[in-house]
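Colleague: Okay, here's the structure, questions in a sec.
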Amino acid sequence: MVKKFYIETYGCQMNVADSEVVAAVLEKEGYEFVKDIEQADLIIVNTCSVRENAEVRVRGRLHHFKSLQKKRPEILIALIGCMAERLKDELFEQEKNIDIIVGPDSYLQFPKLIKEAEHGDNAMEVELSLTETYKDICPTRIDDNSISGFVSIMRGCNNFCTYCIVPYTRGRERSREVQSIVNECKDLEARGYKEITLLGQNVNSYNFVDGDKTFVFHDLLEIVAQSVPSLRIRFSTSHPKDMSDDMLKIMAKYDNICKYIHLPVQSGSDSVLKLMNRKYTKDWYMGRIEAIKKYLPGCGLSTDVFVGFHGETDEDFQDTIDLMKDVRFDLAYMFKYSEREGTYASKKLPDNVPEDVKGSRLAKLIEIQRETSFESNKADLGKTFEVLVEGISKKREDQVYGRTSQNKVCVFAREDFKRGDLVNVKVVECTSATLIAEPVL
Ligand code: 5AD
Ligand code: SF4
């Protein structure tokens with residue numbers, strides 16, 4: 001009999017939020033969440049399919065669970081999330097130690113599936129939904145010491161970038177009711193949270209119709225900023241084709257909205273962007289960056305970019321380098337293209353850039369970005385920032401760490417500071433990854 005469950009989460013912030021929904025659904029049925037895997041009767045792995053290596057990592061983990069199962073054969077293993085949706089019952093064949101498979105829109109069925117699995121059957125539900133937003137579930141915060149929480153505002157994606165598996169694993173885009181989002185934010189505020197991140201695959205296409213009123217993202221952002229004035233507000237992810245000046249104006253208007261935008265560019269080459277179906281050009285993207293700099297001077301900026309997509313030439317790659325050097329992102333998440341079965345690209349756009357070329361392009365990009373991040377941090381020397389303390393530094397017990405509004409990681413003397421404090425600090429030193437500061441009184 002399953003009494004206690006444990007969850008491990010891979011992939012994006014959306015998955016972290018989903019694990020909290022799953023925990024809430026199971027707790028409502030009387031199951032108890034445990035932090036120690038050794039105590040669990042049910043091990044849940046929330047998975048990601050965005051790149052091959054995300055899946056490889058999960059398979060390694062499943063293999064590792066076999067030794068636990070040898071000691072305690074009654075343990076059940078559930079694989080949930082994007083990999084569950086992508087591979088469905090194939091997974092029961094490939095990974096013999098899985099008992100339950102649940103896709104991202106089927107978490108309300110999880111308790112029923114546990115019952116089935118307890119009878120010794122393999123149990124699976126992977127139906128995608130056009131409407132499920134888990135709006136009535138108040139997520140269980142798994143990390144109960146936390147001061148920063150995720151709030152999912154929409155699910156799914158309609159963009160069909162040709163390389164991306166997400167529209168297939170998370171289904172069609174749907175927006176969650178405004179009131180249910182506000183209620184969750186207020187609940188977090190009441191529980192002592194200091195920061196929330198509004199989450200969606202493309203938050204800029206948020207669209208909720210209530211009677212004769214339509215709420216778009218900047219409406220929601222303003223409502224949230226007003227509803228929880230004591231919370232720092234962040235959001236992710238923005239899509240360059242949809243990011244509006246109206247949103248930037250709302251960000252400028254409210255102090256409690258963090259001045260940080262994650263704006264994935266993916267490539268700096270117009271022909272590659274076209275093959276990716278990103279629906280913008282390099283010029284359009286640069287125009288969005290200009291708008292950010294106009295409305296929000298000093299705003300933190302980060303991006304996602306990947307090398308080696310179908311047909312990417314040296315010139316295309318040079319365009320990406322030029323864009324990175326022009327924009328000067330504070331931070332970039334950089335990857336090699338990984339072909340995903342089922343996507344348009346996997347059918348029509350062969351993965352034809354050799355692995356060694358992908359590798360050397362990625363290394364070059366990482367090197368350029370490391371220098372840019374260092375320059376960006378050096379430009380902050382002598383400036384003062386408000387930092388939300390997240391905890392004691394892992395490297396030095398006499399220091400705490402936190403983030404600035406611009407999302408830069410900052411460390412400074414621990415003194416009597418504790419998690420959740422907002423501290424004004426002056427930057428005195430830096431590396432390419434961290435600001436080193438002193439509290440100012
Ligand atoms: N290969 C490599 N990177 C990918 N991403 C999405 N799909 C792929 C893929 N098939 C990257 C994009 C996206 C981020 C979450 O992952 O940069 O923004
Ligand atoms: Fe990974 Fe994308 Fe699924 Fe998030 S939505 S878990 S990034 S595949």
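Colleague: Quick one: with all protein chains in place, what share of the accessible area of the chain is carbon or sulfur, to the nearest percent (1.4 Å probe)? Mind dumping the intermediate values first?
Modeller: Working: 9690 of 19680 Å².
Exposed carbon and sulfur together represent 49 percent of the surface.
Colleague: Points 7 angstrom from Cα along the Cβ direction at LYS293 and GLU90: gap in nanometres?
Modeller: Between LYS293 and GLU90, the simple spin-label model gives 4.5 nm.
Colleague: At 0.36 nm per residue, minus the direct Cα-Cα distance, what do LYS394 and ASN158 gain on full extension? Give it in nm, one decimal, please.
Modeller: Values: separation 236, 0.36 × 236 = 84.96 nm, distance 3.98 nm.
Gain in length upon complete extension: 81.0 nm.
Colleague: Over the chain, with a Gaussian network built from C-alpha contacts below 10 Å, which listed residue (ASP18, ASP270, ASP314) shows the highest mean-square fluctuation?
Modeller: Largest GNM mean-square fluctuation: ASP314.
Colleague: If you take every DSSP beta bridge whose two residues both sit in the range 146-258, what share of them, in percent to the nearest 5, is antiparallel? If you can, show how the numbers build up before the last one.
Modeller: Working: 6 of 17 bridges.
So the antiparallel bridges amount to about 35 percent of the total.
Colleague: Can you compute the FRET efficiency between ALA413 and GLU177 using 1/(1 + (r/R0)^6), with r the Cβ-Cβ distance and R0 = 60 Å? Round to the nearest 0.05.
Modeller: Numbers: r = 44 Å, r/R0 = 0.74.
For ALA413 and GLU177, the calculated efficiency is 0.85.
Colleague: Which number comes out as Rg/Rh for the range 4-125 once both Rg and the Kirkwood Rh are worked out on C-alpha atoms? Let's see the in-between values first.
Modeller: Numbers: Rg = 12.9 Å, Rh = 14.1 Å.
Rg/Rh: 0.92.
Colleague: Could I ask something else about it? Could you work out the relative contact order of the range 4-125? I mean the mean sequence separation of Cα pairs under 8 Å and 6+ apart, divided by the number of residues, in percent. Walk me through the intermediate numbers first.
Modeller: Details: 194 pairs, mean separation 29.9, N = 122.
It rounds to 25 percent for the range 4-125.
Colleague: Share of antiparallel DSSP beta bridges in the range 1-130, in percent to the nearest 5? Before the final figure, lay out each step's value.
Modeller: Values: 0 of 19 bridges.
Looking only at bridges with both residues in the range 1-130, the antiparallel portion is about 0 percent.
Colleague: Hey, another quick one. Could you tell me the ratio Rg/Rh of the range 266-379? Both radii from Cα atoms, Rh via Kirkwood.
Modeller: Working: Rg = 14.6 Å, Rh = 14.8 Å.
Ratio of gyration radius to Kirkwood radius: 0.99.
Colleague: Which of the aspartates and glutamates could be linked to LYS408 by a straight reach, that is with a Cα gap under 18 Å, when you skip same-chain ones fewer than 8 residues away?
Modeller: GLU195, ASP255, ASP304, ASP330, GLU371, GLU375, ASP380, GLU386, GLU390, ASP421, GLU429, GLU438
Colleague: Rg and Dmax of the range 146-258, Cα atoms, in Å?
Modeller: Cα radius of gyration and Dmax of the range 146-258 are 14.0, 42 Å respectively.
Colleague: Amide H to amide H under 5 Å from VAL307: which residues, 5+ apart in sequence or cross-chain, H placed 1.01 Å off N in plane?
Modeller: For VAL307, whose amide H was placed from the backbone, the distant partners under 5 Å are PHE335, LYS336, TYR337.
Colleague: If you take every DSSP beta bridge fully contained in the chain, what fraction is antiparallel? Give it as a percent rounded to 5.
Modeller: On the way: 26 of 68 bridges.
Bridges in the chain are about 40 percent antiparallel.
Colleague: Now for a different question. Would you mind calculating the gained length between ASP121 and GLN318 on full extension (0.36 nm times residue separation, minus the Cα-Cα distance), in nm to one decimal?
Modeller: Working: separation 197, 0.36 × 197 = 70.92 nm, distance 5.39 nm.
Computed gain between ASP121 and GLN318 is 65.5 nm.
Colleague: With the alpha-carbon atoms as the only input, what is the per residue convex hull volume for the range 228-315 in Å³?
Modeller: 98
Colleague: Follow-up. Considering every Cα-Cα pair within the chain, what fraction, in whole percent, is farther apart than 42 Å?
Modeller: On the way: 14688 of 97020 pairs.
I get 15 percent for the Cα pairs in the chain exceeding 42 Å.
Colleague: Tell me, Kirkwood radius of the range 151-200 from alpha-carbon pair distances, in Å? Intermediate values should be presented prior to the final figure.
Modeller: Details: mean 1/r = 0.0813 Å⁻¹.
The answer is 12.3 Å.
Colleague: Take the residue pairs LYS186/LYS249; LYS186/LYS395; LYS186/LYS294 and return only those whose Cα atoms are more than 26 Å apart.
Modeller: On the way: LYS186/LYS249 24 Å; LYS186/LYS395 34 Å; LYS186/LYS294 32 Å.
Cα-Cα > 26 Å for LYS186/LYS395; LYS186/LYS294; rest within.
Colleague: Pick from THR303, THR140, THR384: which residue has the top mean-square fluctuation in a GNM of the chain where Cα pairs under 10 Å get a spring?
Modeller: Result for the chain, Cα springs under 10 Å: THR384 fluctuates most.
Colleague: Taking the highest mean first, how do the peptides 71-77, 385-391 order by number of other beta carbon atoms within 10 angstrom per residue? Spell out each step's value before the answer.
Modeller: Working: 71-77: 13.6, 385-391: 19.3.
Per-residue mean Cβ counts within 10 Å order the peptides as 385-391, 71-77.
Colleague: Please list, in order, the residues from the range 23-45 whose amide nitrogen is less than 13 Å from a point placed 7 Å along the Cα→Cβ vector of LYS3.
Modeller: Backbone N within reach: 31-34, 39-42.
Colleague: For the residue pair ASP245 and GLU386, what label-to-label distance in nm results when each label sits 7 Å from Cα along the Cα-to-beta-carbon direction?
Modeller: 2.8
Colleague: Kindly identify the range 384-439 as rounded, prolate or oblate by the Cα gyration tensor criterion: order the square roots of the eigenvalues as a ≥ b ≥ c, call it rounded if a/c is under 1.5, otherwise compare a/b with b/c, prolate if a/b is larger, else oblate.
Modeller: Details: a/c = 1.42, a/b = 1.14, b/c = 1.25.
Rounded shape, in that the Cα axes give a/c under 1.5.
Colleague: List the residues whose amide H sits under 5 Å from the amide H of ILE44, counting only those 5 or more places along or on another chain, with H placed 1.01 Å from N in the peptide plane.
Modeller: Here the answer is TYR6, ILE7, GLU8, ALA78, since their amide H atoms fall under 5 Å of that of ILE44.
Colleague: Mind ranking 127-135, 396-404, 20-28 by how tightly packed they are, going by the mean number of other C-beta atoms within 10 angstrom, highest first?
Modeller: On the way: 127-135: 15.4, 396-404: 18.4, 20-28: 20.0.
Highest to lowest by the protection proxy: 20-28, 396-404, 127-135.
Colleague: Cysteines without a disulfide-compatible partner in the chain, using Cβ under 4.7 Å as the rule?
Modeller: Cys with no partner Cβ under 4.7 Å: CYS12, CYS48, CYS82, CYS138, CYS157, CYS185, CYS258, CYS299, CYS410, CYS430.
Colleague: Can I ask one more? Using alpha-carbon pairs under 8 Å, 6+ residues apart, how would you state the relative contact order of the range 146-258 in percent?
Modeller: Here the relative contact order equals 27 percent.
Colleague: On to the next question. In percent, how large is the relative contact order of the chain, given Cα pairs closer than 8 Å and 6 or more residues apart?
Modeller: Details: 888 pairs, mean separation 43.6, N = 441.
Rounded, it is 10 percent for the chain.
Colleague: Would you calculate, for the chain, the mean residue ellipticity at 222 nm contributed by helices, counting each DSSP H stretch of 4 or more residues as -39,500 (n - 2.57) and dividing by all residues, to the nearest 500?
Modeller: Values: 14 runs with 157 residues, N = 441.
Rounded to the nearest 500, it is -11000 deg cm²/dmol.
Colleague: Suppose all protein chains stay in the model; what accessible area per residue would a 1.4 Å probe give for the chain, in Å²?
Modeller: Working: 19680 Å² over 441 residues.
Accessible area per residue, the chain: 45 Å².
Colleague: Could you run the Karplus curve 6.51 cos²θ - 1.76 cosθ + 1.60 with θ = phi - 60° over the range 338-352 and give me ³J(HN,Hα) per residue in whole Hz, x for Gly and Pro?
Modeller: 10, 5, 10, 4, x, 7, 4, 4, 5, 8, 10, 10, x, 6, 10
Colleague: Of LYS279/LYS358; LYS96/LYS135; LYS213/LYS348, which sit over 30 Å apart, Cα to Cα?
Modeller: Details: LYS279/LYS358 24 Å; LYS96/LYS135 34 Å; LYS213/LYS348 41 Å.
Exceeds cut-off: LYS96/LYS135; LYS213/LYS348.
The values are calculated or read from the model by the stated rules, or taken from the named source; none is laboratory data. Keep in mind it's a predicted model, so treat the numbers as computed, not measured. Positions of Cβ are generated from backbone atoms using ideal geometry, with glycine treated the same way; all protein chains shown enter the neighbour counts. Side chains are part of the model used for accessible areas, which takes the heavy atoms of the whole protein and leaves out ligands, DNA and RNA. Shrake-Rupley method; radii C 1.70, N 1.55, O 1.52, S 1.80 Å.
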